[in-house]
Amino acid sequence: MAGVDVLVLGAGPAGWAAAAACARAGLETHLVAPAPHARWTQTYGAWLDELAAAGATAVAGHQWDVVRVRTTGPGFRTLPRTYCVIDNDRLRQALTADASTVAVTTGRASHLVERGDHVVVKTGRDELHARAVIDATGHPAVFGARASAPLAHQTAYGVVARFSKPPIPAGTMCLMDFDATPFARDDPTTFLYAMDLGDDRWFVEETSLAGRPAVALRVLQRRLELRLADRCAVATKILATERCAFAMNAPLPRDGPVIAFGAAAAMVHPATGYHVAFALQRAAGLAKTLRQALDLHRDVRTIARAGHRAVWPTDALRRDALYRLGLEVVLALDTESTQKFFDGFFDLPADSWRGYVSRTASPLTLQRTMARLMLRVPADVRRRVLQTVATPRSLRTIAGAVAPTILSR
């Protein structure tokens, strides 16, 4: 009994994106999750051009052409790129419309068994059969790799609220404000992420880009309160509260009978934390690959291996290795050094930092971007970075990510 072509585990944006793409590819698809129709309450941001690359500009909600960043000193710089918040309801509606032929079951996958030309996933008393299984259950994934060392986490605490005065200039969004004045420049490093949502509503969030161990939410909440008080912006009505914590460097998936996707596949950008637009971009390629593999092969591991390679092709793995190295650099910096580091980063040509944050640059281009950044940061920061990079493990990362590209030219 082979069952359906594809079984998708998980009902977040990545899970529904994979299910919708497989359905569009003509694959018989089944989705199972504990709450398959639950609303997505998390705030997902994206650059508009990243959604365009996924053919998903229609799901963009609020958009800002004025995107501000403050790194060092009192001044802001404006980034020449349109930012948006994804409209979760619109995204769900678009994906479920494409997935109208997908069978949906409420349940929680518990364990898995390979049986010849198909896989059996058990959910309580039920058994679901499929020739390919996509695990999009987030991190840690139900059937995913387990971390062998402590992970770095991005954490954030925020509110949607009305204020006595605007916390940032009206009509703008603030991608990163590293001003640490309200905290006397104490570590850990955190920044304000904020946006004008219109109708006298504002989203303000204190964020730790990465911490190992993770910066506690209570610390972020207190910092947000201090930051708002420093601006004399008093919340007159809190409309929603957001708390988030996720791994930035989850282990990459291993070959096996299951294809990981989304956060379950470590698709979270190790340097920024973004992943939804990336999952939307990769879903169609994964579905196309699975369609071809299912036509050509019967062995479930061969099919899964093809799916895994579609999610993580070689160049993407090389880029990811460099991003993880960049994450280690950020983790090693104190607050003042972090401010100087990002001042140099956003001083790079727009194409350079865009390619870095959007995963569009080649491994060799990423290396060049990192080298150019070293020329733009002060000497004290450069020394800190080189201390992190000049380790046997880091040097192996650079060699493995870049040298194959050079040799193949």
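The values are calculated or read from the model by the stated rules, or taken from the named source; none is laboratory data. Worth saying up front: this structure is predicted, and the values here are computed from it rather than measured. A quick note on method: Cβ atoms are made from the backbone with ideal geometry, for glycine too, and the neighbour counts reach across all protein chains shown. The protein model used for the area step is the full one, side chains on, heavy atoms only, and it has no ligands, DNA or RNA in it. Shrake-Rupley method; radii C 1.70, N 1.55, O 1.52, S 1.80 Å.
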Completion exercise
Picked from the stretch 235-277 (must be assigned to a strand (DSSP E or B) and of a type in the set (D, E, K, R)), the residue surrounded by the fewest Cβ atoms within 10 Å (Cβ to Cβ) is LYS237
Practice task
Would you mention how many residues in the stretch 223-233 are within 22 Å of THR43 (Cα to Cα) and either exposed (fewer than 14 other Cβ atoms within 10 Å of the Cβ) or basic (Lys, Arg) (or both)?
Solution key: 2
Handout entry: Check on VAL357, part of a helix (DSSP H, G or I) and at pLDDT below 90
Key = no
Practice task
Look through ARG243, ARG305, ARG282, ARG309 and report the one residue that is free of Cβ contacts under 8 Å to residues at least 60 places away in the same chain and in contact with a Phe, Trp or Tyr (Cβ under 9 Å, 6 or more places away or on another chain).
Solution key: ARG282
Practice task
Would you be able to tell me the number of residues in the stretch 67-98 that are basic (Lys, Arg), part of a helix (DSSP H, G or I) and buried (at least 18 other Cβ atoms within 10 Å of the Cβ)?
Solution key: 1
Exercise for the section: For the stretch 99-148, please list each of the strands (runs of 3 or more DSSP E) lying entirely inside it that holds at least 2 residues being open to solvent by 40 Å² or more (accessible area, probe 1.4 Å) and over 24 Å from MET267 (Cα atoms). Expected result: 103-106, 111-115, 126-135
Exercise for the section: Starting from the stretch 66-91, take each residue that is in contact (Cβ under 8 Å) with a residue 24 or more places away in the chain and hydrophobic (A, V, I, L, M, F, W, C) and list its partners that are in a loop (DSSP other than H, G, I, E, B) and open to solvent by 60 Å² or more (accessible area, probe 1.4 Å), counting only C-beta distances under 8 angstrom and pairs at least six apart or across chains. Expected result: VAL69/PHE76
Fill in the blank from the handout: Scanning the stretch 176-197 residue by residue, those at pLDDT below 95 and over 15 Å from ARG227 (Cβ atoms) turn out to be ASP187
Exercise for the section: Please tell me if GLY26 is closer than 30 Å to THR172 by Cβ, in a loop (DSSP other than H, G, I, E, B) and out of contact with any Asp or Glu (no Cβ under 8 Å at 6 or more places or on another chain). Expected result: no
Fill in the blank from the handout: Exactly one of GLY307, GLY256, GLY344 is within 18 Å of ALA147 (Cα to Cα) and out of contact with any Gly (no Cβ under 8 Å at 6 or more places or on another chain), and that one is GLY256
Handout entry: Tabulated pairs, the stretch 357-369, first more than 21 Å from LEU79 (Cα to Cα) and small (Gly, Ala, Ser), second at pLDDT below 95 and surrounded by fewer than 20 Cβ atoms within 10 Å (Cβ to Cβ), C-beta under 8 angstrom, 6+ apart or interchain
Key = SER362/ASP315; SER362/THR405
Exercise for the section: Assess whether VAL215 counts as being more than 30 Å from ALA19 (Cβ to Cβ), in contact (Cβ under 8 Å) with a residue 40 or more places away in the chain and assigned to a loop (DSSP other than H, G, I, E, B). Expected result: yes
Exercise for the section: Take the stretch 72-124 and flag every residue that is over 25 Å from SER352 (Cβ atoms) and small (Gly, Ala, Ser). Expected result: ALA94, ALA97, ALA99, SER100, ALA103, GLY107, ALA109, SER110, GLY116, GLY124
Exercise for the section: Output the residue which, of all residues in the stretch 124-175 that are more than 18 Å from the chain's Cα centre (by Cα) and on the phi > 0 side of the Ramachandran plot, is modelled with the lowest pLDDT. Expected result: GLY124
Problem - Members of the stretch 13-37 found to be within 23 Å of HIS111 (Cα to Cα) and surrounded by fewer than 20 Cβ atoms within 10 Å (Cβ to Cβ), listed by number - result: GLU28, PRO34, ALA35, PRO36, HIS37
Exercise for the section: Return the only residue of ASP343, ASP347 being modelled with pLDDT of 95 or more, in contact with a Ser or Thr (Cβ under 7 Å, 6 or more places away or on another chain) and open to solvent by 10 Å² or more (accessible area, probe 1.4 Å). Expected result: ASP343
Problem - Which numbered condition GLN281 misses (of (1) open to solvent by 20 Å² or more (accessible area, probe 1.4 Å); (2) in a loop (DSSP other than H, G, I, E, B)) - result: (2)
Practice task
Could you check PRO36 against (1) part of a loop (DSSP other than H, G, I, E, B); (2) of a type outside the set (Ser, Thr, Tyr); (3) in contact (Cβ under 8 Å) with a residue 24 or more places away in the chain; (4) under 30 Å from PRO169 (Cβ atoms) and say which number it fails?
Solution key: (4)
Completion exercise
For the stretch 158-211 the number of residues that are part of a strand (DSSP E or B), more than 23 Å from GLY344 (Cα to Cα), of a type outside the set (A, V, I, L, M, F, W, C) and open to solvent by less than 20 Å² (accessible area, probe 1.4 Å) is 2
Practice task
Output yes when any residue across the stretch 312-326 is more than 29 Å from THR391 (Cβ to Cβ) and surrounded by fewer than 20 Cβ atoms within 10 Å (Cβ to Cβ), and no when none is.
Solution key: no
